[in-house]
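Scroll down for the structure; my scribbles are underneath it.
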Protein chains: 4
Amino acid sequence: MLVVMQSHATEEQVRAVCQRIESLGYKALPVPGAGRTAVCITGNSGPVDIGSLEAMAGVVECIPVSKPYKLVGRDLKPENSVVRVPTPSGDVTFGGKAVGIVAGPCAVETREQAFTIAERIRAAGARLFRGGAYKPRTSPYAFQGLGEEGLKILAAVRDKFGLGIITEAVDNESLDLVEKYADVIQIGARNMQNFSLLKRAGHARKPVLLKRGMSATLDELLMAAEYIMSEGNYNVILCERGVRTFADHTRNTLDLSLVPAVQRLSHLPIVVDPSHGTGRRNKVLPLSRAAIAVGADGILVEVHHDPSKALSDGPQSILPDEFDQLMRESRAIAAVLGRTLN
Amino acid sequence: MLVVMQSHATEEQVRAVCQRIESLGYKALPVPGAGRTAVCITGNSGPVDIGSLEAMAGVVECIPVSKPYKLVGRDLKPENSVVRVPTPSGDVTFGGKAVGIVAGPCAVETREQAFTIAERIRAAGARLFRGGAYKPRTSPYAFQGLGEEGLKILAAVRDKFGLGIITEAVDNESLDLVEKYADVIQIGARNMQNFSLLKRAGHARKPVLLKRGMSATLDELLMAAEYIMSEGNYNVILCERGVRTFADHTRNTLDLSLVPAVQRLSHLPIVVDPSHGTGRRNKVLPLSRAAIAVGADGILVEVHHDPSKALSDGPQSILPDEFDQLMRESRAIAAVLGRTLN
Amino acid sequence: MLVVMQSHATEEQVRAVCQRIESLGYKALPVPGAGRTAVCITGNSGPVDIGSLEAMAGVVECIPVSKPYKLVGRDLKPENSVVRVPTPSGDVTFGGKAVGIVAGPCAVETREQAFTIAERIRAAGARLFRGGAYKPRTSPYAFQGLGEEGLKILAAVRDKFGLGIITEAVDNESLDLVEKYADVIQIGARNMQNFSLLKRAGHARKPVLLKRGMSATLDELLMAAEYIMSEGNYNVILCERGVRTFADHTRNTLDLSLVPAVQRLSHLPIVVDPSHGTGRRNKVLPLSRAAIAVGADGILVEVHHDPSKALSDGPQSILPDEFDQLMRESRAIAAVLGRTLN
Amino acid sequence: MLVVMQSHATEEQVRAVCQRIESLGYKALPVPGAGRTAVCITGNSGPVDIGSLEAMAGVVECIPVSKPYKLVGRDLKPENSVVRVPTPSGDVTFGGKAVGIVAGPCAVETREQAFTIAERIRAAGARLFRGGAYKPRTSPYAFQGLGEEGLKILAAVRDKFGLGIITEAVDNESLDLVEKYADVIQIGARNMQNFSLLKRAGHARKPVLLKRGMSATLDELLMAAEYIMSEGNYNVILCERGVRTFADHTRNTLDLSLVPAVQRLSHLPIVVDPSHGTGRRNKVLPLSRAAIAVGADGILVEVHHDPSKALSDGPQSILPDEFDQLMRESRAIAAVLGRTLN
């Protein structure tokens, strides 16, 4: 932590800051600069929670130097974490050499719909199926998902097609059920800072796929993962799904630079959702290729056999034939990076 | 709803869109324009959920014309709603002629801290006390609030100083307790789209103060209020608290234009939080004046007698003396608009 | 400047950084922290341009401590600058006790239009007239302004109504003419980082009103003013006119917190343009009041007697009657802050 | 154009809007909807400039349906434009099957520096060299480029290494010189809406590379290109270089979805600058791969043999060895899309 003083700060003000720092059990080291003085804090064994210093007379700002996270960081664990998802057709991994492919409809609508899509996805070579049973919708009057009935359909998809299941939990109650029926528990963007839900996910015995909030910084995403890990669940997969900006040609702005940024700071795997990340069917294929090329550990893609009749997010779902092409091109690009699909 | 066709769309494509619209029970009216055709949808008795049209061949985009909300809108209720908060020293109202003032520390820390601040706030003329017992913190290692112990301190503040109490609930469990101890239930920015929590708040018998999410549009804020109202609780107060932008001179960018924008579309009262909205103590007073001047129905201000020792958000808390000045200036500006403080 | 090292940085890497710093003529002071080392740079007589350090092995980031501007800053000149604009009816000042009011149409369209509006503005008590002769328009096919013909109409407005004139220059050629005909040279948001134009404005002998770019940070705005001042023109007025964000209820998001932020760091006056800042007629009056209340040194308002026929920006122009009300309310709010209008 | 009326709009208000539309020479078609009426405008032969309608009584908003651009759009020219840049070693094309690679230092510093880098770039297989002779810098005290001296060095690079030259013009004067010495004229992000400069570029007889502004929408970028084309220069290459958002892990947020979005609406080629787009050396390689994978028609990359001593933007320049790897991986990914490098 560095405390920057005003250029007109008096010696007493600098001294008061140093005394406060030392009263908190740290060491204070004043460093005179070009016109203004800064005070370095040392002797701390972790992040310093002294925002209050910023309110002292003569202080311009406090600049944190150490990062606030521990368990998610490479400082603690330099090598990549590999999150393993068991499926009836073998383990799918995130964070290793293979790139994980997850596909399926936005929402589970009927058994027929789910089976039709699952069959095509399995045939294309994917082994993880996504589909919402609990849908966080902006409007209370929009389709909210089938609930446990949807989870049962997903379980039937697993049994019939050998696909692992990823589906979203929106509160503690639904998380209990999702943990029971699914293979990976998804925490959606709107709940990235629902700390109560994160803690509950930290007690789950299934891997958690954590989506970046619509305006979350990298640090906030990592801290949300830290919430889960600090409760004991180390199987966390991060997910970039687009952020909110002024740009209006896509529903969100997909921030692919997050992938190498996460990989530099954290050992956790990071995947990309180009469907929500663009909100436009005709951009899913090019951005999926880009996600593989940037080095993502996986992608989540919405596929629907009849998007114009989908109960939610039809405009961003691709057709099964397009998914076939996506798999072919993704496999070829992964090979350039020395990776395979799984 | 207006469906815009590509300029090269064929007649068959236009006809297919019209047929789909009519199969959904609406009327379709093709309107030829400069080079491209648009299809207007009429005969609908409410918002049309036909995003799927956007996926049809020849369609550029679907432009919604009607708004998706009902209960929050002035179409249904043209006159202002006045939300009444009973306190031991009389009702405080939001949405009427009087401007509601809410003040207190970010977090309840100790009985002494709460009492010291409450005494000063009451003396300055405010009648509503804020203070967090449950704190949503970015880090799992930061102070998370005193929980029910904090709520008991708040209840003691009400008894001793005659102040009404506003405090945040972060999940269904804490909402049960907040409803029991407090006079207004706050839903924080991070939970604005925690729909499970919004529905629970819709069953509460206390007013709800709903904060705008960090990157929420006006429509999304109104829809979040619609969630609460659609469950039966009509006593909703909206709150602008700053949004996330590229600007780095404040922690958030306070969007005061939201106040007249809400007032044009909705009958609900709208208040402003200049403390979180700026994150800097030296900006709270000027932005509080601006909030009153723009026409807000109230303000929420963080006050602490010793901000440099505050356990959270010290840098944005103002001192009791500054709060006295804030009350004086706010009262004078409210008078210019023909309003009083309460 | 603080150079933060990786937690796994070797001693040699730290030493190499220190050597580089000293080879640049500064002093290096390594400060061991919680797990990672930072190197403070001292002995510099101004901002350090050593971004290249960030590329060295073992370095995480370089954090600047000193600010890059000189002439605009309060470190050099602690007291407020007062910019004086001579008009036929006496000087108008920005930065002193009086708040400067500037009003007029978006674009000068005809002599009749300009005179009609000028008469109403003068009658309402304003003494500065704005109106564009050169209009930077997004489309090459939109009305681009009357050019020098428009400047002549503005000069006639000055003669007939005793109003000072503010109008925009868009390139070096138009700046020559604007300097000749007008009293204040406006640099628009799109040109805030047109450094060639800023330098030319730095040689002008008229005050410059510099608008914040659509996504400019506070530092960038101050640096743009520094460009003008570094060429010798110290009469610079800054202007907040809204920034670009995801919010869609206004055309831009007016960032009123910029006013106290500028006033803390710089001695230059800062005014607000609520017309471009919101883009909506019905928000101009409330945001004008808020701008005065937040402490702005002036406001720029678009007024048109027949906005529905305006050649540009009609939807954000207020009517002369609304301007009368704006003047009344602004005067009353200014009085609360101990200020007058001029 | 669609004019949406308020739900409480009177019949007279709707009639007044229709009359105004017809007085402007168009046809008005009122369409009753769910509670509110909309008026469609037809009979127009191009975009309607009637923003003034929005100011009429009873009107909520005007929604444009047709796009404002002509020359840049696929409506006018459905097939891709191929921009051809002649170099001593043969033409380089943008917009065809081959992907154009541009590389070089941020700024030309010395003949030795330019030659050293050019040699490596040529050896790696690139045929276009970039390097700034005129640098738009945020600070007036930072290195501003060598000017014409730098252009002469670039011309020498062309002669010696057979590389075509791309360099930035910042005003009309420098554009004259850049047109004389270089093969492609670059217009930087800060000048994307410097309409005076765009018009001048429209008269140049060399291709123009136009960078997206830091907060420019897709429509604004296309309209800026329209300015150039409307003056007669049809050889325009668009460039995504990152936009400004709240995200702080990169200097800008690279918006790769712009590539397919441009390709859908416009026939112009679109390239990507991952160096400015991320601002971090360690993200240039992954984002370059992603740019090729998303379908960009080219990339611009900053390369420096000694980034820690670069006079500008050192932290985002990659080393010649890294550029070799970039070329190899880009070539392999381009092949997946059936493209080559040139």
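The values are calculated or read from the model by the stated rules, or taken from the named source; none is laboratory data. These figures come from a predicted structure and were not determined experimentally. We place every Cβ from the backbone using ideal geometry, glycine too, and count neighbours over all the protein chains shown. Calculation scope for accessible area: heavy atoms of the full protein, side chains included, ligands and nucleic acids excluded. Shrake-Rupley method; radii C 1.70, N 1.55, O 1.52, S 1.80 Å.
General observations
- When A:V39 is tested against (1) within 9 Å of another protein chain (Cβ to nearest Cβ); (2) at pLDDT 70 or above; (3) open to solvent by less than 30 Å² (accessible area, probe 1.4 Å), only condition (1) is not met.
- Pairs, first in contact (Cβ under 8 Å) with a residue 60 or more places away in the chain in region D:307-319, second of a type in the set (F, W, Y), C-beta under 8 Å, six or more apart: D:L311/D:F143; D:S312/D:F143
- Among (1) modelled with pLDDT of 95 or more; (2) surrounded by fewer than 24 Cβ atoms within 10 Å (Cβ to Cβ); (3) under 20 Å from D:P207 (Cβ atoms), the one test that D:F246 misses: (3)
- Put simply, of D:R289, D:R331 the only residue that is more than 24 Å from D:G213 (Cβ to Cβ) and within 20 Å of the chain's Cα centre (by Cα) is D:R289.
- A:A332 vs. criteria of a type in the set (A, V, I, L, M, F, W, C), within 12 Å of chain D (Cβ to nearest Cβ), free of Cβ contacts under 8 Å to residues at least 60 places away in the same chain and open to solvent by 10 Å² or more (accessible area, probe 1.4 Å): yes
- For region C:49-62, a residue qualifies if it is within 8 Å of another protein chain (Cβ to nearest Cβ) and either open to solvent by less than 20 Å² (accessible area, probe 1.4 Å) or at pLDDT below 70 (or both), and the qualifying residues are C:D49, C:G51, C:S52, C:L53.
- Output for region C:167-190, where each listed residue is out of contact with any Gly (no Cβ under 6 Å at 6 or more places or on another chain), of a type in the set (G, A, S) and in a helix (DSSP H, G or I): C:S174
- Checking each residue in region C:216-243 for being in a loop (DSSP other than H, G, I, E, B) and either in contact with a helix residue (DSSP H, G or I) (Cβ under 7 Å, 6 or more places away or on another chain) or of a type in the set (G, A, S) (or both) picks out C:A216, C:E231, C:G232, C:N233, C:R241, C:G242.
- Single residue of region C:4-18 satisfying the filter (in a helix (DSSP H, G or I) and within 11 Å of another protein chain (Cβ to nearest Cβ)) that is nearest to A:P30 (Cα to Cα): C:V17
- Condition met for A:E226 (acidic (D, E) and open to solvent by less than 10 Å² (accessible area, probe 1.4 Å)): yes
- Residue within region C:202-209 that is part of a strand (DSSP E or B) and in contact (Cβ under 8 Å) with a residue 40 or more places away in the chain present: yes
This table checks each residue for (1) more than 19 Å from B:T93 (Cβ to Cβ); (2) at pLDDT 95 or above; (3) surrounded by 24 or more Cβ atoms within 10 Å (Cβ to Cβ); (4) out of contact with any Lys or Arg (no Cβ under 9 Å at 6 or more places or on another chain).
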position: B:F161; (1), (2), (3), (4): yes, yes, no, no
position: B:G164; (1), (2), (3), (4): no, yes, yes, no
position: B:I185; (1), (2), (3), (4): no, yes, yes, no
position: B:L198; (1), (2), (3), (4): yes, yes, yes, yes
position: B:R212; (1), (2), (3), (4): yes, yes, yes, no
position: B:E231; (1), (2), (3), (4): yes, no, no, no
position: B:Y234; (1), (2), (3), (4): no, yes, no, yes
position: B:I237; (1), (2), (3), (4): no, yes, yes, yes
position: B:L254; (1), (2), (3), (4): yes, yes, yes, no
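- Among the residues of this structure, B:R190 does not count as one that is more than 15 Å from the chain's Cα centre (by Cα), within 30 Å of C:A216 (Cβ to Cβ) and either more than 7 Å from every other protein chain (Cβ to nearest Cβ) or not aliphatic (A, V, I, L, M) (or both).
- Criterion applied to A:V301, A:V271, A:V284, A:V294 was being crowded, with 24+ Cβ neighbours inside 10 Å, under 26 Å from D:G279 (Cβ atoms) and in contact with a Gly (Cβ under 9 Å, 6 or more places away or on another chain), and the one residue passing it is A:V271.
- Yes/no for A:S174 being in contact with a strand residue (DSSP E or B) (Cβ under 9 Å, 6 or more places away or on another chain) and more than 25 Å from A:S288 (Cα to Cα): yes
- Subset of region A:200-216 [more than 11 Å from the chain's Cα centre (by Cα) and more than 8 Å from chain B (Cβ to nearest Cβ)]: A:R200, A:A201, A:G202, A:H203, A:A204, A:R205, A:K206, A:P207
- Single residue of region D:172-181 satisfying the filter (within 14 Å of another protein chain (Cβ to nearest Cβ) and either modelled with pLDDT under 95 or surrounded by fewer than 21 Cβ atoms within 10 Å (Cβ to Cβ) (or both)) that is farthest from D:L198 (Cα to Cα): D:L177
- Among the residues of region B:71-100, the ones that are buried (at least 16 other Cβ atoms within 10 Å of the Cβ) and touching a helix residue (DSSP H, G or I) at 6+ places or on another chain (Cβ under 7 Å) come to 5 in all.
- Residues that are open to solvent by less than 60 Å² (accessible area, probe 1.4 Å) and either away from chain D (no Cβ under 14 Å) or more than 20 Å from D:V31 (Cα to Cα) (or both), drawn from region B:19-29: B:R20
- Here the condition is being modelled with pLDDT under 95 and not β-branched (V, I, T); of C:L311, C:L300, C:L341, it holds for C:L311 alone.
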